[in-house]
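The values are calculated or read from the model by the stated rules, or taken from the named source; none is laboratory data. Because the structure is predicted, anything quoted here is derived from the model rather than measured. In this analysis, Cβ positions are derived from the backbone assuming ideal geometry, glycine residues included, and neighbour counts consider all displayed protein chains. SASA here: full protein model, heavy atoms, side chains in, ligands and nucleic acids out. Shrake-Rupley method; radii C 1.70, N 1.55, O 1.52, S 1.80 Å.
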Protein chains: 2
Amino acid sequence: MAATLAIVGATGAVGTVMIDIINSRPSVPWGDIRLIASARSAGRKIGVRGEPCVVVELTAAAFDGVDIAMFDVPDEISEQWAPVAVARGAVVVDNSAAFRMDPDVPLVVPEVNPADASVRPKGIIANPNCTTLSMMAAVGALHTEFGLTELVVASYQAASGAGRPGVDRLYAELAAVAGKGLGVRGGDIAQALAEAGLPAQSPFPAPLAMNVVPWAGSLRPDGWSSEELKVRNESRKILGIPDLKVSATCVRVPVVTAHALAV
Amino acid sequence: MAATLAIVGATGAVGTVMIDIINSRPSVPWGDIRLIASARSAGRKIGVRGEPCVVVELTAAAFDGVDIAMFDVPDEISEQWAPVAVARGAVVVDNSAAFRMDPDVPLVVPEVNPADASVRPKGIIANPNCTTLSMMAAVGALHTEFGLTELVVASYQAASGAGRPGVDRLYAELAAVAGKGLGVRGGDIAQALAEAGLPAQSPFPAPLAMNVVPWAGSLRPDGWSSEELKVRNESRKILGIPDLKVSATCVRVPVVTAHALAV
């Protein structure tokens, strides 16, 4: 019998891509597909495999009969609702940071450690943050062949890593500097943003248009950023090398959706 | 007696900054200052220390009486004219790549290996490319304290590294995508540039607006780019570690003048 799939956060940026992928791969034999989101989005209709599918509200009953629930929601929503889905019989695949470092939750990249997914005491499987994920297929293969002892990595992370507010801010900043032509130089960028009436409050700690910002996330012990520690801790767990030496430099670049890494 | 200084390439982007620095530091006791440029720019007047100074054409006679000649001109101009300046009695400080790896020319970063400047069989002192230069003060100090054995570095290089054409191209690309607002995603960038009528020919191998391009310079042996080999070879020479292991990843970012490095 084909499995019933739930997408939790179906109307979000990642949920939308998940639905696009399902629609583009009709040969994958899913059974029912259930779209779940907040009360605000419930009732919306989204096309799934050629049929309109009504989004239902996130409640315990929404998970009845679900075999696999893919979560892409904020950490605190995953933390609250993933155990509920498990209690109703689903296996949860969670894209948030809520469970990644939980020793009872496997952190899985299919190309690297697929077997880890079968041991899941809490019924939850986590996947890594996108910066770690994007290098794991390559680094994992190199580790298998040569044995990794150290990892030095620099990231080039898009504005979308800071969510919709990050993307909106970058577009607003680009619009503010674009008209300035050749006059824009260094410190002039901050001035151009102020003149365009952009609020000083921003998802980024400095202007991102025509700039690179070597800081992503919050300040953590020893001067690392939270993004840099995610790369370190998640890489160690996925590769199964608890004492791997990792030096990560996470940098925000004025790009919307691409991610790049120098390893 | 105060030294006579010549600035060769005085009307270029770097020459202009050199003059700005001289004007901002009146306490440095230069004697005469001579501005030298191509025939096209000769005759122009530029303010130096509060007086208008006439730009003279680059000829052998222009170096008569010059003690120090600072060159910021294309490689082939340096190659031809630096020896001429030396023959006329000047010490040449050259910012081009023409002499950097010449064993008879010291490659000097004042904060790292100032003593090397005093041994100059050809009368020429070279300084490194900007990507190498920007990390040498920090890396040199670390090497003195701890002894460097390997260097893994990723760059975030501005469009200005490709000269004025690079800067102009980036501004044109930003103008072409700015009006597209939230519609610009991934491959849409190339399409927006084509629709705006930008030529396919570019100083960069891919669109740079809202993108990062992990390639700077030309293809060299073993898959390195010319920029990456400059970082390797110049770092080895400046630090005096001929067999230093260096892994450089040089990346162009959509920025006009800043440079950044993750070491």
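List of remarks:
- Remark: pairs (first residue in region A:70-81, within 24 Å of A:Asp32 (Cα to Cα); second residue of a type in the set (Asp, Glu) and buried (at least 23 other Cβ atoms within 10 Å of the Cβ); Cβ separation under 6 Å; 6+ apart in sequence or on different chains) = A:Phe71/A:Asp94; A:Ser78/A:Asp94.
- Answer from A:Val17, A:Val56, A:Val93, A:Val84 - the residue that is at pLDDT below 95, under 30 Å from A:Gly166 (Cβ atoms) and surrounded by fewer than 21 Cβ atoms within 10 Å (Cβ to Cβ): A:Val17
- Residue within region B:108-123 that is among the polar types (S, T, N, Q) and open to solvent by less than 40 Å² (accessible area, probe 1.4 Å) present: yes
- Cβ pairs under 8 Å, 6+ apart, first in region B:203-216 and within 11 Å of another protein chain (Cβ to nearest Cβ) and touching a residue at least 24 places away in the same chain (Cβ under 8 Å), second of a type in the set (Phe, Trp, Tyr) and in a loop (DSSP other than H, G, I, E, B): B:Val213/B:Phe204
- For region B:34-47, residues that are of a type outside the set (Lys, Arg) and surrounded by 18 or more Cβ atoms within 10 Å (Cβ to Cβ) total 5.
- The one condition in (1) assigned to a loop (DSSP other than H, G, I, E, B); (2) of a type in the set (Gly, Ala, Ser); (3) crowded, with 19+ Cβ neighbours inside 10 Å that B:Gly31 fails to fulfil: (3)
- Residue in region A:150-171 that is at pLDDT 90 or above, of a type in the set (Phe, Trp, Tyr) and over 18 Å from B:Ile189 (Cβ atoms) present: no
- B:Ala192 vs. criteria modelled with pLDDT of 85 or more and in a helix (DSSP H, G or I): yes
- A:Gly197, sole failed condition from (1) outside any helix (DSSP H, G or I); (2) over 24 Å from the mean Cα position of the chain (by Cα); (3) within 9 Å of chain B (Cβ to nearest Cβ): (3)
- Count of region A:219-230 residues which are touching a Ser or Thr at 6+ places or on another chain (Cβ under 9 Å) and either open to solvent by less than 50 Å² (accessible area, probe 1.4 Å) or aliphatic (A, V, I, L, M) (or both): 5
- Flag for A:Glu79 being over 20 Å from the mean Cα position of the chain (by Cα) and closer than 30 Å to A:Phe204 by Cβ: no
- Candidate set from region B:34-66 (those that are in a strand (DSSP E or B) and among the basic types (Lys, Arg)); member that is farthest from B:Ala10 (Cα to Cα): B:Lys45
- Checking each residue in region A:141-181 for being over 21 Å from A:Glu195 (Cβ atoms), open to solvent by 20 Å² or more (accessible area, probe 1.4 Å) and within 8 Å of chain B (Cβ to nearest Cβ) picks out only A:Val152.
- Flag for B:Val84 being in a helix (DSSP H, G or I) and either of a type in the set (A, V, I, L, M, F, W, C) or in contact with a His (Cβ under 9 Å, 6 or more places away or on another chain) (or both): yes
- Exactly one residue out of A:Tyr171, A:Tyr156 is under 30 Å from B:Ala175 (Cα atoms) and part of a strand (DSSP E or B), and it is A:Tyr156.
- From the options B:Gly9, B:Gly15, B:Gly50, residue that is on the phi < 0 side of the Ramachandran plot and not acidic (Asp, Glu): B:Gly15
- Residue pairs whose Cβ atoms lie under 6 Å apart, sitting 6 or more positions apart in sequence or on different chains, and linking a residue in region A:233-254 that is in contact (Cβ under 8 Å) with a residue 24 or more places away in the chain and within 14 Å of chain B (Cβ to nearest Cβ) to a partner that is of a type outside the set (Ser, Thr, Tyr) and part of a strand (DSSP E or B), are A:Lys245/A:Glu150; A:Val246/A:Leu151; A:Ser247/A:Val152; A:Ala248/A:Val153; A:Thr249/A:Ala154; A:Thr249/B:Ala262; A:Arg252/A:Gln157; A:Arg252/A:Val213.
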